[in-house]
Amino acid sequence: MDIQGDCTEQFSAVREVFADSLHSGADVGASVAIYLDGEPVVDLWGGYADQARTRPWLRDTITNVWSTTKTMTALCALVLADRGELDLSAPVATYWPEFGTHGKDRIEVRHLLSHTAGLPDWNQPMTLDDLCDREKATTLLARQTPRWLPGTASGYHRFTHGFLIGEVIRRICQQPIGTFFADQIAAPLDADFHIGLAAENDHRVSDVIPAPGPAPAANPRVAIQVGAYVTAQETWRTQWRRAEIPAAAGYGNARSVAAVQSVLACGGRTPRGRLVSEAICRAVFDEQSDGIDLVLGIPLRFGIGYALNAGDAPVTTAGVHSCYWGGRGGSLVVNDLDARVTIAYVMNRMTHLGLTDPRGQKLLRAAYKALTR
């Protein structure tokens, strides 16, 4: 199937890499977008929206991007911080009093955003029903004791991240994070990204395709095991789509991811005006941890809401002031404030490789090579 969309001549190599990924079968359906100085220079899509390859991936096709959603949740917090409604260094209990028990009184908002709060999981197994029950999920977290001294190390908060930050936002704004994101970020940017998907968008969804083959052997450097809870097949359910699970259940495509995240790469400016200050964008690079992540078992350097560029990181860029995150299965977004560029890749066919998925890595390398032309 032909590649659709637009790409400037400067980034023609990105188009070639993307086309090869689809034609080789590495991708079934996917999209890639690059925003430079807040304007799209690459907006490509192609392939199929279903595993049987009967429905084309269209311009407005969206899919579940898993943990790339965390970058949207982080941006919500940054918007509130920039408005003076949220202090990133304040105790979480300032906004959520019930949280300040069992040794959590000193956990600060920045710890939630950097996966250093010591709450990477619940103390009991969680079902899909439990994850779709915000009140239950947050109440259980408020009753827990941190698994390590908060602020001393990162341990990836796979699902808890979104519930923790989302509850702080809800306490401040008196509305769920999905509504806040839609009204305060997606709408002003005219971005087709959703945390909690309305039924009217179901016909545009490309369900994720489970990763083939067995999962890789356990990483010996993993110190803390965290439950997965949700299979790829369970995300096909209406229940998952409707739920506001702000760490994992966001829906969009590369264009919408890049359109939102380019706000950060451009120092807070958008084509329609300023969304946040340059100062709050720079706050992302306030290092919170640097070392082997206790849950993922890989070297990660975390700032406020994003992983930061580092020589031994799974995602490396040319920019000193660059940050990133990705989603289960392979989606990826990189913001480079030095180059004022955002690079996003969203697909439906999952792999077991996560941040090291070669599909996103190849597109990233091609994009940076084009930037130096």
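Has the range 312-324 got at least one residue that is touching a Leu at 6+ places or on another chain (Cβ under 8 Å) and farther than 23 Å from Val42 by Cα? Checked the range 312-324: at least one residue is touching a Leu at 6+ places or on another chain (Cβ under 8 Å) and farther than 23 Å from Val42 by Cα. Contact annotation: residue pairs with Cβ atoms under 6 Å, 6 or more positions apart or on different chains, pairing a residue in the range 164-190 that is over 18 Å from Leu113 (Cα atoms) with a partner that is in a loop (DSSP other than H, G, I, E, B), are Ala186/Phe193.
Of all residues in the range 57-112, those being among the small types (Gly, Ala, Ser), within 26 Å of Ala191 (Cα to Cα) and free of Cβ contacts under 8 Å to residues at least 12 places away in the same chain number 1. Thr356: crowded, with 24+ Cβ neighbours inside 10 Å and either polar (S, T, N, Q) or under 11 Å from the mean Cα position of the chain (by Cα) (or both), yes or no? Judged against the criteria, Thr356 is not a match.
Scanning the range 164-179 for residues that are of a type outside the set (Lys, Arg), outside any loop (DSSP other than H, G, I, E, B) and in contact with a helix residue (DSSP H, G or I) (Cβ under 7 Å, 6 or more places away or on another chain) yields Leu164, Ile165, Gly166, Glu167, Val168, Ile169, Ile172, Cys173, Ile177. Within the range 142-163, how many residues are assigned to a helix (DSSP H, G or I) and either farther than 15 Å from Leu113 by Cβ or modelled with pLDDT under 95 (or both)? Selection size over the range 142-163: 1.
Taking the range 191-212 as the range and being aliphatic (A, V, I, L, M), touching a strand residue (DSSP E or B) at 6+ places or on another chain (Cβ under 9 Å) and outside any strand (DSSP E or B) as the test, the residues that pass are Ala191, Leu197, Val208, Ala211.
Table: residues versus (1) under 23 Å from Arg158 (Cβ atoms); (2) touching a Leu at 6+ places or on another chain (Cβ under 8 Å); (3) not aliphatic (A, V, I, L, M).
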position: Ala13; (1), (2), (3): no, no, no
position: Ala33; (1), (2), (3): no, yes, no
position: Asp37; (1), (2), (3): no, no, yes
position: Asp43; (1), (2), (3): no, no, yes
position: Gly46; (1), (2), (3): no, yes, yes
position: Thr54; (1), (2), (3): no, no, yes
position: Ala90; (1), (2), (3): no, no, no
position: Gly103; (1), (2), (3): yes, no, yes
position: Ser114; (1), (2), (3): yes, no, yes
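Residue by residue, here is whether (1) free of Cβ contacts under 8 Å to residues at least 40 places away in the same chain; (2) of a type in the set (A, V, I, L, M); (3) within 30 Å of Ala52 (Cα to Cα); (4) assigned to a strand (DSSP E or B) holds:
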position: Gly291; (1), (2), (3), (4): no, no, no, yes
position: Ala318; (1), (2), (3), (4): no, yes, no, no
position: Trp325; (1), (2), (3), (4): no, no, yes, yes
position: Tyr345; (1), (2), (3), (4): no, no, yes, yes
position: Gln361; (1), (2), (3), (4): no, no, yes, no
position: Leu364; (1), (2), (3), (4): no, yes, yes, no
position: Lys369; (1), (2), (3), (4): no, no, no, no
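Between Gly196, Gly162, the distinction of being surrounded by 24 or more Cβ atoms within 10 Å (Cβ to Cβ) and under 28 Å from Ser256 (Cα atoms) belongs to Gly162 only. For the range 292-302, check the following and say yes or no: at least one residue is of a type outside the set (S, T, N, Q) and modelled with pLDDT under 95. Among the residues of the range 292-302, not one is of a type outside the set (S, T, N, Q) and modelled with pLDDT under 95, which makes the answer no.
When Val226, Val222, Val230 are checked against the criterion of being in contact with an Asp or Glu (Cβ under 6 Å, 6 or more places away or on another chain), in contact (Cβ under 8 Å) with a residue 60 or more places away in the chain and assigned to a loop (DSSP other than H, G, I, E, B), a single residue qualifies: Val226.
Select from the range 122-142 the residues that are among the hydroxyl-bearing types (Ser, Thr, Tyr) and either touching a residue at least 60 places away in the same chain (Cβ under 8 Å) or in contact with a Leu (Cβ under 6 Å, 6 or more places away or on another chain) (or both) and list them in ascending order. Write out each step before concluding.
Of the range 122-142, the ones among the hydroxyl-bearing types (Ser, Thr, Tyr) are 127, 138-139.
Thr127, the sole residue that qualifies.
Would you confirm, using the coordinates I've provided, whether Val295 is under 16 Å from the mean Cα position of the chain (by Cα) and not in a helix (DSSP H, G or I)? So Val295 does not fit the description; no.
The values are calculated or read from the model by the stated rules, or taken from the named source; none is laboratory data. Remember, it's a predicted structure, so these values are computed and weren't measured experimentally. Neighbour counts run over all protein chains shown; Cβ positions are idealised from the backbone, glycine included.
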